[in-house]
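K.L.:
Just dropping this structure here.
The values are calculated or read from the model by the stated rules, or taken from the named source; none is laboratory data. All of these numbers come straight from a predicted model, not from anything done at the bench. Methodologically, a virtual Cβ is constructed for each residue, glycine included, from the backbone with ideal geometry; neighbour enumeration extends over all protein chains shown. For accessibility, only protein heavy atoms count, side chains too; no ligands or nucleic acids. Shrake-Rupley method; radii C 1.70, N 1.55, O 1.52, S 1.80 Å.
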Number of protein chains: 2
Amino acid sequence: MGLGFEVLRTGEAGGRRGALSLPHGEVQTPVFMPVGTAATVKAVPQDVLEGNGAGGKGAQIILANTYHLYLRPGHELVRRMGGVHRFMSWSRPMLTDSGGFQVFSLSKLRKISPEGVEFRSHLDGSKHFFSPEHSMDVQIALGADIAMAFDECVETPATWERTRESMALTHAWAARSKDRFEAHKHRVPWHEALGGQTQSLFGIVQGGMYADLRRESAERLVEMDLPGYAIGGLAVGEPREVTREMIAHTLEHLPKDRPRYVMGVGYPDEIEEYAKMGVDMMDCVLPTRAARHGLLFLREPGSSEITRMNIKKKEYAEDQRPIDENCGCRVCSRYTRAYLRHLFSSGEPLSAVLNSIHNLAFYLDTMERVRGELGRGDSDVDFAQAESQNRRSGAGADRRVSP
Amino acid sequence: MGLGFEVLRTGEAGGRRGALSLPHGEVQTPVFMPVGTAATVKAVPQDVLEGNGAGGKGAQIILANTYHLYLRPGHELVRRMGGVHRFMSWSRPMLTDSGGFQVFSLSKLRKISPEGVEFRSHLDGSKHFFSPEHSMDVQIALGADIAMAFDECVETPATWERTRESMALTHAWAARSKDRFEAHKHRVPWHEALGGQTQSLFGIVQGGMYADLRRESAERLVEMDLPGYAIGGLAVGEPREVTREMIAHTLEHLPKDRPRYVMGVGYPDEIEEYAKMGVDMMDCVLPTRAARHGLLFLREPGSSEITRMNIKKKEYAEDQRPIDENCGCRVCSRYTRAYLRHLFSSGEPLSAVLNSIHNLAFYLDTMERVRGELGRGDSDVDFAQAESQNRRSGAGADRRVSP
């Protein structure tokens with residue numbers, strides 16, 4: 001018992017308005033999950049995260065990176081502190097990735113074998129080994145609400161043969177991840193405190209930019225009957241049409257009654273587009289990383305077009321307007337572009353704080369609006385009365401999926 | 001019209017509980033002023049400053065540095081933005097220093113003449129010239145509630161002769177500062193918006209570590225009949241007994257009905273000590289600068305002793321306690337030492353934010369407590385009924401000093 005998912009309404013294009021129930025609370029979907037790599041959404045205090053964006057409701061769920069927390073401060077330390085929620089003082093839902101993507105993108109001198117991956121830390125060069133079993137042990141110690149199966153991320157571009165080989169490894173690792181997770185899931189730090197609940201393990205569909213492999217990967221993972229499925233290996237440099245095509249194609253082969261999560265995307269218009277195609281969850285470092293580089297998202301007044309503003313430009317030096325005149329975040333309601341430019345130009349630490357707060361609000365507001373649009377139909381939808389055809393048979397009144 | 005000062009009660013040791021009335025609001029004294037060098041108290045958002053510390057009342061008045069704002073973004077830009085209050089969105093009182101101390105401590109290739117100081121920017125090596133007149137023009141453009149006379153800061157240690165020479169220059173510059181200020185004070189950006197009010201110009205007592213020169217400096221400045229007096233040139237490396245002695249000696253020669261401000265001090269126990277000796281205002285970068293280096297102030301439970309904790313130490317890695325168990329700041333009420341150590345060790349930007357918030361709260365709480373102690377007497381003091389003997393004759397019912 002760890003996850004319930006209910007599709008409240010599905011639009012014509014496949015977009016779904018749903019609700020995800022997790023040990024640390026309910027999440028309205030589609031949802032954007034801010035990334036808190038090292039158990040901190042960079043530069044943003046937790047109380048701001050809780051109240052900024054989405055009409056003051058803030059972030060419903062955040063992500064933390066297994067690879068980073070494993071290296072520093074160490075997952076066993078986090079376990080002794082009561083898990084990542086208590087460690088960072090965040091009581092809402094969380095998700096940890098498997099560490100796979102970071103091992104492949106950040107670490108040095110990787111040596112991959114069917115058993116797992118040997119690598120050197122990007123921090124101090126020390127040697128480590130990650131296997132599906134180890135990823136599960138680390139993620140159970142961290143104790144996010146949702147854990148991810150350990151996957152291999154193929155380099156890009158890659159041939160069909162190389163991609164298929166990597167995908168097969170990902171499937172074998174998913175099965176091993178599930179076995180280990182099922183055997184050890186009761187070890188999550190909050191198991192007793194939350195009435196015997198456990199984390200939920202999601203699988204990750206791979207298959208590169210090959211539609212047939214994406215289908216095969218989805219089918220293999222669905223056979224494992226996991227409570228949710230992610231689409232990985234996208235937004236790694238391919239054209240956006242390809243990303244979209246791979247998402248659309250993969251979604252067709254994923255069960256409608258389980259949450260579908262596209263990892264690591266994207267720009268604000270992308271997350272809106274994918275949500276309307278039927279993606280329920282997304283995460284990306286973009287809002288916070290762009291913010292630290294002075295790149296701010298906004299909609300020009302009277303336009304639905306999303307613009308990116310480079311706050312360091314001279315043209316903003318005396319601009320007394322907020323970043324976005326239609327934004328109600330605590331940055332736009334208080335500070336001018338002129339001041340934000342000054343902070344950025346002066347290398348002031350407050351620059352990253354305020355820019356990140358705005359960009360996160362922009363993302364969270366975007367998804368709040370998308371949820372509103374998906375929730376509106378020809379007739380009023382009563383969300384308390386979920387559409388029964390979208391309920392998973394057997395999930396029963398407690399709305400929980402217990403694979 | 002720009003300043004009112006009322007001493008509400010004076011303790012036996014000379015400490016005064018007072019109230020300072022400024023164009024942007026009232027300030028309860030003794031007061032600690034957080035330093036917002038570049039129109040930002042480093043790493044702390046303005047709304048946090050407004051509500052953190054001093055029982056949720058936050059910072060009553062903050063300081064900004066004339067030298068920094070002159071160089072970047074430029075005082076004329078700040079004037080066009082409506083002054084530093086509007087520029088940074090801070091509606092409570094502010095004070096700017098004269099730029100003197102920074103010209104002498106940060107800039108390069110200084111060339112001092114009776115006319116003023118030629119120097120090169122520490123940012124880009126560009127050549128600049130500051131005179132008392134220019135410092136006034138810059139400070140009037142910035143528009144803080146209190147401006148400071150332009151002073152020379154003598155190197156330390158310095159001989160009596162050298163110190164006296166420098167002090168004489170400071171006095172000449174103070175007179176020129178006052179002349180320029182009086183002639184141009186109506187040009188402050190908010191002059192009309194605040195009903196014709198103006199800034200107030202404080203003089204700065206110099207005289208190094210020589211009691212006779214401190215006395216002479218105080219006497220010369222008092223002759224200029226300024227609305228407040230600062231004691232400068234202390235906390236520059238001398239032993240603390242010397243600082244204390246210089247403060248005590250100088251206070252004797254300053255009028256009791258004017259606010260007395262010691263610049264650039266100090267540790268929490270120092271600001272408490274000086275406040276109880278009769279200092280009304282203090283500022284220091286220490287709480288925020290120490291915070292960015294992981295140094296946090298606290299009182300050990302059951303002790304009145306102030307301790308400094310180096311949060312990067314291994315011993316805090318699994319310490320689930322807050323920084324200070326008796327502190328009610330938003331950091332101590334939410335985060336553990338273990339988490340704060342992790343943020344610092346990981347170089348996370350949130351580290352500076354949270355550490356600064358706590359240290360500032362510690363300083364503001366300290367002064368709030370001191371105000372409480374100074375306000376308590378053998379009989380209850382009704383602060384609405386100021387002690388009439390401390391009122392400046394002629395200040396009248398509006399409690400304003402109009403020199």
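K.L.:
Distances from A:N326 to the same position in the other copies: list them in nm, one decimal, shortest first, using label points 7 Å from Cα along Cα→Cβ.
P.N.:
A:N326 label point versus its equivalents elsewhere: 5.3 nm.
K.L.:
Additional query: Restricting to the stretch A:20-163, what percent of DSSP beta bridges are antiparallel, rounded to 5? It would help to have the intermediate numbers written out before the result.
P.N.:
On the way: 11 of 16 bridges.
Antiparallel bridges: around 70 percent, rounded to the nearest 5.
K.L.:
Still on this structure: Averaged across A:354-361, how many Cβ atoms of other chains sit within 10 Å of each residue's Cβ atom?
P.N.:
Details: counts 3, 0, 2, 1, 0, 0, 0, 0.
Partner Cβ neighbours, averaged per residue: 1.
K.L.:
Further, regarding this structure: Sorted by packing (mean other beta-carbon atoms within 10 Å per residue), highest first, where do A:258-267, A:80-89 land? Working shown, then result.
P.N.:
On the way: A:258-267: 23.7, A:80-89: 21.3.
Result, highest mean first: A:258-267, A:80-89.
K.L.:
Given that compact globular proteins tend to follow 2.2 N^0.38 Å, what is the ratio of the alpha-carbon Rg of the protein assembly as shown to that value? List each step's numbers first, then the result.
P.N.:
Details: Rg = 30.7 Å, N = 806, 2.2 N^0.38 = 28.0 Å.
Output field value: 1.10.
K.L.:
Let me ask another. May I ask you to list the GluC sites (Glu not before Pro) in the stretch A:314-355 that are in a DSSP loop and have at most 16 other Cβ atoms within 10 Å of their Cβ? Please report the intermediate quantities before stating the final value.
P.N.:
Working: sites: A:E315, A:E318, A:E325; in loops: A:E318, A:E325.
In loop regions of the stretch A:314-355 (DSSP not H, G, I, E or B), the sparsely surrounded GluC sites (Glu not before Pro) are A:E318, A:E325.
K.L.:
What nm distances, shortest first, do you get from the label point of B:M224 to those in the other copies when the point sits 7 angstrom along Cα to Cβ?
P.N.:
Ordered by increasing distance: 7.6 nm.
K.L.:
Running a GNM on chain A with Cα contacts under 10 Å, which residue among A:D269, A:D324, A:D124 ends up with the highest mean-square fluctuation?
P.N.:
Among A:D269, A:D324, A:D124, the largest mean-square fluctuation in the Gaussian network model of chain A belongs to A:D124.
K.L.:
At what distance in nm do the modelled label points of A:E115 and B:E115 sit from each other, each positioned 7 Å from its Cα along Cα→Cβ?
P.N.:
Rounded to a tenth, the inter-label distance reads 7.9 nm.
K.L.:
Can I ask one more? Indicate, rounded to the nearest 5 percent, the antiparallel portion of the DSSP beta bridges found entirely in the protein assembly as shown. If you can, show how the numbers build up before the last one.
P.N.:
Details: 50 of 90 bridges.
In the protein assembly as shown, DSSP labels about 55 percent of beta bridges as antiparallel.
K.L.:
Roughly speaking, to the nearest percent, how much of the stretch A:60-134's 1.4 Å accessible area is carbon and sulfur? List each step's numbers first, then the result.
P.N.:
Values: 1530 of 2930 Å².
That share works out to 52 percent.
K.L.:
At A:E318 and B:R162, where each label point lies 7 Å from the Cα along Cα→Cβ, what is the point-to-point distance in nanometres?
P.N.:
Each label point lies 7 Å from its Cα, and together they span 4.4 nm.
K.L.:
Over the stretch A:163-258, what relative contact order in percent results from Cα pairs under 8 Å that are six or more residues apart? Please report the intermediate quantities before stating the final value.
P.N.:
Numbers: 96 pairs, mean separation 26.2, N = 96.
Over the stretch A:163-258, the number comes to 27 percent.
K.L.:
Work out the P(r) tail for chain A: percent of alpha carbon pairs separated by more than 41 Å, whole number. Mind showing how you got there, number by number?
P.N.:
Working: 9158 of 81003 pairs.
The share of Cα pairs beyond 41 Å in chain A comes to 11 percent.
K.L.:
Just from its helices, what would the mean residue ellipticity at 222 nm be for chain B, if runs of 4 or more DSSP H residues each count -39500 (n - 2.57) and the sum is divided by every residue, rounded to the nearest 500 deg cm²/dmol? Don't jump to the answer; show the numbers that get you there.
P.N.:
Working: 13 runs with 144 residues, N = 403.
Per the formula, -11000 deg cm²/dmol.
K.L.:
May I pose another question? List the distances, in nm and shortest first, from the label point of B:E155 to the matching label points in every other copy, placing each point 7 Å from Cα along the Cα-to-Cβ direction.
P.N.:
Those separations, rounded to one decimal, come out as 5.9 nm.
K.L.:
Further question: If we sort A:27-39, B:337-349 on the protection proxy, mean other Cβ atoms within 10 Å, highest first, what's the order?
P.N.:
Per-residue Cβ counts within 10 Å, averaged per peptide and sorted highest first, yield A:27-39, B:337-349.
K.L.:
For the stretch A:261-308, what does the alpha-carbon gyration tensor say about shape, rounded, prolate or oblate, given a ≥ b ≥ c as the root eigenvalues, a/c under 1.5 as rounded, and a/b over b/c as prolate? Walk me through the numbers on the way to the answer.
P.N.:
Details: a/c = 4.10, a/b = 1.23, b/c = 3.33.
Taking the square roots of the gyration eigenvalues as a ≥ b ≥ c, the stretch A:261-308 is oblate.
K.L.:
Another question, if that's okay. Mind checking the mean number of beta-carbon atoms from other chains within 10 Å of the Cβ atoms in B:40-52?
P.N.:
Details: counts 10, 2, 3, 7, 3, 10, 6, 4, 4, 0, 0, 0, 0.
Per residue, the number of nearby Cβ atoms from other chains is 4 on average.
K.L.:
Also, I was wondering about something else. Quick one: check the C-alpha center-to-center distance for the stretch B:210-250 versus the stretch B:19-85, whole angstrom.
P.N.:
Here the two parts' Cα centres lie 25 Å apart.
K.L.:
Turning to a different aspect of this structure: Peptide A:68-75: average number of partner chain Cβ atoms within 10 Å per residue? Numbers along the way, then the final one.
P.N.:
On the way: counts 1, 2, 0, 1, 3, 9, 2, 0.
Partner-chain Cβ atoms within 10 Å, mean over residues of A:68-75: 2.
K.L.:
Straight-line reach from B:K108: which aspartates and glutamates have Cα under 17 Å away, leaving out those fewer than 8 places along the same chain?
P.N.:
Within the straight-line limit of under 17 Å, B:K108 reaches these aspartates and glutamates: B:E118, B:D124, B:E152, B:E155.
K.L.:
Relative contact order of chain B, please, whole-number percent, based on alpha carbon pairs below 8 angstrom and at least 6 residues apart. All intermediate terms of the calculation are to be shown ahead of the outcome.
P.N.:
On the way: 826 pairs, mean separation 82.9, N = 403.
Reported relative contact order: 21 percent.
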